[in-house]
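What follows is one structure encoded as structure tokens, with my remarks underneath.
The values are calculated or read from the model by the stated rules, or taken from the named source; none is laboratory data. Note that the structure is a prediction, hence the values are computed from the model and not measured. Here the Cβ positions follow ideal geometry from the backbone for every residue, glycine too, while neighbour counts run over all protein chains shown.
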Amino acid sequence: MKLGYEILNNPFLNKGTAFTKKEREEYGLLGLLPPYIQTIDEQAKQAYGQFLKKDKLIEKRHFLMEIFNTNRTLFYYLFSKHVVEFMPIVYDPVIAESIENYSELFVNPQNAAYLSVKEPENIETILRNAADNRKIRLIVVTDAEGILGIGDWGTNGVDISVGKLMVYTAAAGIDPATVLPVVIDAGTNRKELLENDLYLGNRFERVRGDEYYNFIDKFVKTAEKLFPNLYLHWEDFGRLNAANILNKYENEITTFNDDIQGTGIITLAGILGALKISGEKLTEQVYMCFGAGTAGAGIARRIFNEMVAQGLSEEEAKKRFYLVDKQGLLFEDTEGLTPEQTPFARKRSEFTNANELTTLEAAVKAVKPTILVGTSTVPKTFTKEIVQEMAKHTARPIIFPLSNPTRLAEASAKDLIEWTDGKALVATGIPSDPIELNGITYEIGQANNALIYPGLGLGIIATKSKIVNDKIISAAAHSLGGIIDTTKPGAAVLPPVSKLTEFSETVALSVGQSVLDQKLNTEPISDLKEAIKNAKWIPEYKDF
Ligand SMILES: NC(=O)c1ccc[n+]([C@@H]2O[C@H](COP(=O)([O-])OP(=O)(O)OC[C@H]3O[C@@H](n4cnc5c(N)ncnc54)[C@H](O)[C@@H]3O)[C@@H](O)[C@H]2O)c1
Ligand SMILES: O=C(O)C[C@H](O)C(=O)O
Ligand SMILES: [Mn+2]
């Protein structure tokens with residue numbers, strides 16, 4: 001039994017001033033707190049008042065993290081009351097600033113596991129230490145080579161694992177005592193970190209090849225051994241490693257890559273929403289991807305699979321895809337194609353001016369896409385010329401600038417709506433305010449994987465699915481379609497973040513049903529709704 005400060009200093013147990021008189025007496029807490037006993041609601045009001053007094057977003061974040069560090073229940077209670085306001089602070093975009101300054105601002109390790117690529121022999125000890133006898137059901141792991149669009153941040157990237165997990169709990173009620181954020185410090189190639197006296201990570205260049213992959217494999221095997229029914233979520237790995245790792249493990253264990261699969265799901269859901277508004281068919285669209293990396297290729301693959309599911313042959317569907325990356329439009333003979341890009345590369349003979357298609361603008365002119373999705377990390381690349389060119393050839397161009405954080409977005413929603421006189425159907429990676437134009441209010445959907453991965457995870461965890469396969473992923477993408485109301489002019493293509501908690505449950509139900517239909521559950525489930533309800537944790541104090 002834990003006593004006194006052991007309880008107060010344990011964020012999973014601590015209730016602060018809400019400890020009852022009886023608890024104070026029985027657990028060695030007498031006199032360790034001011035006498036008045038608060039309800040969680042009183043605590044939350046007091047904390048929110050302090051939150052409002054902070055001027056800068058990063059200060060607001062650090063204030064919230066202080067609560068997270070000391071009292072998880074209160075943190076999630078408060079989060080649940082202010083989801084729309086807190087999401088951009090706890091998560092993207094403010095999380096980017098927090099990662100860039102992680103070492104400078106470090107105060108608390110937040111129950112994360114810090115693994116070092118050169119110490120594979122310590123993986124088991126570290127995971128055990130960090131779990132501290134908790135039954136871990138969900139790990140978010142990063143090696144931080146591709147944090148959002150801001151690149152390689154070494155050990156600092158641990159914040160993305162912590163942040164993604166916060167959203168799992170806030171959105172889908174995943175019990176915070178069952179989650180473990182993990183960072184694999186595989187070195188960093190960012191010079192400014194290697195030369196920074198305050199940097200808290202390993203000071204060597206990224207380890208690659210066998211040494212890296214052997215470490216990953218040992219990590220996977222150890223985590224699987226220590227934590228039964230584990231759901232393993234990969235986040236922000238580099239372009240090559242992300243796909244390799246997913247390909248290796250997706251049919252073996254319950255695992256998911258958020259950037260490849262989560263982004264694919266949410267973008268497909270957004271496109272289906274947009275088509276519901278325009279009344280057009282997916283199988284008639286011409287798809288252009290700008291920035292065909294982890295997310296870009298993952299999204300293209302998801303849209304492609306959907307076109308095939310909707311009746312196109314693979315050959316017909318492929319004709320509708322055009323990938324643009326650094327080299328310009330990707331052709332079969334383009335140098336440096338990744339394995340994920342190759343299936344979508346075009347033949348030069350399809351164009352009379354193939355050699356000139358080295359820019360997005362030239363590619364858009366030549367291809368006349370109806371859908372343009374940006375995952376390039378290059379800001380302001382969806383220019384007025386490009387957008388208006390698209391709008392010339394299609395009544396409702398679907399344009400999703402998805403690069404995060406805010407400063408890297410390919411365009412702002414406001415510009416896209418204004419340049420097309422409200423015709424563009426837009427979703428952005430970060431939250432966008434509604435846009436007023438000619439008496440219509442355009443609501444902008446947020447095509448961020450955070451709208452989908454928590455519900456997906458809840459469905460997987462509640463059913464203890466063996467794997468996450470294509471059918472499950474497709475079910476998740478379709479589950480949001482029923483929720484959006486497209487009757488109003490200016491309607492968003494995706495449901496609003498204000499309903500995140502509600503629709504995460506809808507997603508979980510569709511996902512869970514797919515698991516059961518495919519008999520992928522490892523334990524019998526007679527009532528799916530009940531199983532999902534039981535899997536959810538609620539931020540309220542339990543009696544000791
Ligand atoms: N909204 C979401 O849910 C979501 C999800 C995942 C990623 N993203 C965003 O997408 C972006 C990419 O992330 P990623 O993980 O795929 O990174 P990545 O590094 O794997 O891919 C980026 C791709 O863009 C290409 N690129 C770079 N400069 C370019 C240029 N000038 N022109 C054309 N292409 C260029 C790169 O070669 C690479 O293929 C990031 O900004 C990230 O925040 C958003
Ligand atoms: O983290 C986000 O906001 C979404 C996505 O996973 C990304 O890498 O940008
Ligand atoms: Mn990511």
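Residue check, ASN449 against (1) away from ligand 3 (no atom under 16 Å from the Cβ); (2) under 25 Å from THR294 (Cβ atoms); (3) modelled with pLDDT of 95 or more, all met but one. Which one?
All conditions are met except number (1).
List, please: which pairs have Cβ atoms under 9 Å, are six or more places apart or on different chains, and start with a residue in the stretch 356-383 that is on the phi > 0 side of the Ramachandran plot and end with one that is part of a helix (DSSP H, G or I)?
As it stands, the answer is LYS368/GLU389; LYS368/MET390; LYS368/LYS392; LYS368/HIS393; THR377/LEU408; LYS380/ASP415, since those pairs meet every condition given.
Need pairs with beta-carbon distance below 6 Å; first residue under 12 Å from ASP175 (Cβ atoms) and within the stretch 455-467, second surrounded by fewer than 24 Cβ atoms within 10 Å (Cβ to Cβ) and among the charged types (D, E, K, R); sequence gap 6+ or separate chains.
ILE461/ARG137
Restricting to the stretch 383-415, name every residue that is basic (Lys, Arg) and either over 17 Å from VAL94 (Cα atoms) or surrounded by 24 or more Cβ atoms within 10 Å (Cβ to Cβ) (or both).
The first filter runs over the stretch 383-415 and keeps only residues basic (Lys, Arg), leaving 384, 392, 396, 407, 414.
Selection gives LYS384, LYS392, ARG396, LYS414.
Out of ALA508, ALA476, ALA535, ALA491, report the one residue that is of a type in the set (Gly, Ala, Ser) and either farther than 30 Å from TYR442 by Cβ or touching a Lys or Arg at 6+ places or on another chain (Cβ under 8 Å) (or both). Walk me through it before giving the result.
On the way: ALA508 fails: either farther than 30 Å from TYR442 by Cβ or touching a Lys or Arg at 6+ places or on another chain (Cβ under 8 Å) (or both); ALA476 fails: either farther than 30 Å from TYR442 by Cβ or touching a Lys or Arg at 6+ places or on another chain (Cβ under 8 Å) (or both); ALA491 fails: either farther than 30 Å from TYR442 by Cβ or touching a Lys or Arg at 6+ places or on another chain (Cβ under 8 Å) (or both).
It is ALA535.
So is ILE136 surrounded by fewer than 24 Cβ atoms within 10 Å (Cβ to Cβ) and either in a helix (DSSP H, G or I) or away from ligand 2 (no atom under 16 Å from the Cβ) (or both) or not? Lay out the reasoning, then the answer.
Details: surrounded by fewer than 24 Cβ atoms within 10 Å (Cβ to Cβ): yes; either in a helix (DSSP H, G or I) or away from ligand 2 (no atom under 16 Å from the Cβ) (or both): yes.
Answer is yes for this residue.
Consider ARG208 carefully, then state whether it is free of Cβ contacts under 8 Å to residues at least 24 places away in the same chain, closer than 15 Å to ALA144 by Cα and of a type in the set (D, E, K, R).
Yes: the conditions hold for ARG208.
Given (1) within 16 Å of ligand 3 (Cβ to nearest atom); (2) in a helix (DSSP H, G or I); (3) buried (at least 22 other Cβ atoms within 10 Å of the Cβ), identify the lone condition not met by LEU246.
(3)
Tell me which residues, restricted to the stretch 407-442, are in contact with a Leu (Cβ under 7 Å, 6 or more places away or on another chain) and hydrophobic (A, V, I, L, M, F, W, C).
ILE417, ALA424, VAL426, ALA427
Let me confirm something: among GLY163, GLY149, which residue is on the phi < 0 side of the Ramachandran plot, within 16 Å of ligand 3 (Cβ to nearest atom), modelled with pLDDT of 95 or more and touching a Phe, Trp or Tyr at 6+ places or on another chain (Cβ under 8 Å)?
On the way: GLY149 fails: touching a Phe, Trp or Tyr at 6+ places or on another chain (Cβ under 8 Å).
Exactly one residue qualifies, and that residue is GLY163.
Just the residues that are within 13 Å of ligand 1 (Cβ to nearest atom) and of a type in the set (Val, Ile, Thr), please, taken from the stretch 250-266.
Passing the criteria: ILE260, THR263, ILE265, ILE266.
Can you report the number of residues in the stretch 457-492 which are part of a helix (DSSP H, G or I), touching a strand residue (DSSP E or B) at 6+ places or on another chain (Cβ under 7 Å) and within 16 Å of ligand 1 (Cβ to nearest atom)?
1
When VAL141 is evaluated against the numbered criteria (1) closer than 25 Å to TYR213 by Cβ; (2) away from ligand 3 (no atom under 16 Å from the Cβ), which criterion, by number, is the only one it fails?
It is condition (2) that VAL141 fails.
Considering only the stretch 437-456, state which residues are within 16 Å of ligand 1 (Cβ to nearest atom) and either assigned to a helix (DSSP H, G or I) or hydrophobic (A, V, I, L, M, F, W, C) (or both). Can you show your working first?
Of the stretch 437-456, the ones within 16 Å of ligand 1 (Cβ to nearest atom) are 444-456.
Selection gives ILE444, ALA447, ASN449, ALA450, LEU451, ILE452, TYR453, PRO454, GLY455, LEU456.
So, of the residues in the stretch 51-65 that are assigned to a helix (DSSP H, G or I) and free of Cβ contacts under 8 Å to residues at least 40 places away in the same chain, which turns out to be surrounded by the most Cβ atoms within 10 Å (Cβ to Cβ)? Lay out the reasoning, then the answer.
Filtering the stretch 51-65 down to residues assigned to a helix (DSSP H, G or I) leaves 51-53, 57-65.
From what is left, the residues that are free of Cβ contacts under 8 Å to residues at least 40 places away in the same chain are 51-53, 59-61, 63-64.
On the way: PHE51: 20, LEU52: 10, LYS53: 9, GLU59: 13, LYS60: 21, ARG61: 25, PHE63: 17, LEU64: 23.
Once the filter is applied, the top-ranked residue is ARG61.
Given the structure, is TYR48 part of a loop (DSSP other than H, G, I, E, B), in contact (Cβ under 8 Å) with a residue 12 or more places away in the chain, touching a helix residue (DSSP H, G or I) at 6+ places or on another chain (Cβ under 8 Å) and farther than 27 Å from ASN133 by Cβ?
Details: part of a loop (DSSP other than H, G, I, E, B): no; in contact (Cβ under 8 Å) with a residue 12 or more places away in the chain: yes; touching a helix residue (DSSP H, G or I) at 6+ places or on another chain (Cβ under 8 Å): yes; farther than 27 Å from ASN133 by Cβ: yes.
It is false that TYR48 is part of a loop (DSSP other than H, G, I, E, B), in contact (Cβ under 8 Å) with a residue 12 or more places away in the chain, touching a helix residue (DSSP H, G or I) at 6+ places or on another chain (Cβ under 8 Å) and farther than 27 Å from ASN133 by Cβ.
Restricting attention to the stretch 249-280, which residues are in contact (Cβ under 8 Å) with a residue 24 or more places away in the chain, in a loop (DSSP other than H, G, I, E, B) and not hydroxyl-bearing (Ser, Thr, Tyr)?
Residues satisfying the conditions are GLU250, ASN251, GLU252, ILE253, GLU280.
Hey, could you check the stretch 431-453 for residues that are small (Gly, Ala, Ser) and within 10 Å of ligand 2 (Cβ to nearest atom) and say which is surrounded by the most Cβ atoms within 10 Å (Cβ to Cβ)? Don't jump to the end; show me each part of the working.
Taking the stretch 431-453 first, the residues small (Gly, Ala, Ser) are 432, 439, 445, 447, 450.
Still in the running and within 10 Å of ligand 2 (Cβ to nearest atom): 447, 450.
Details: ALA447: 27, ALA450: 23.
Across the stretch 431-453, the extreme among qualifying residues is ALA447.
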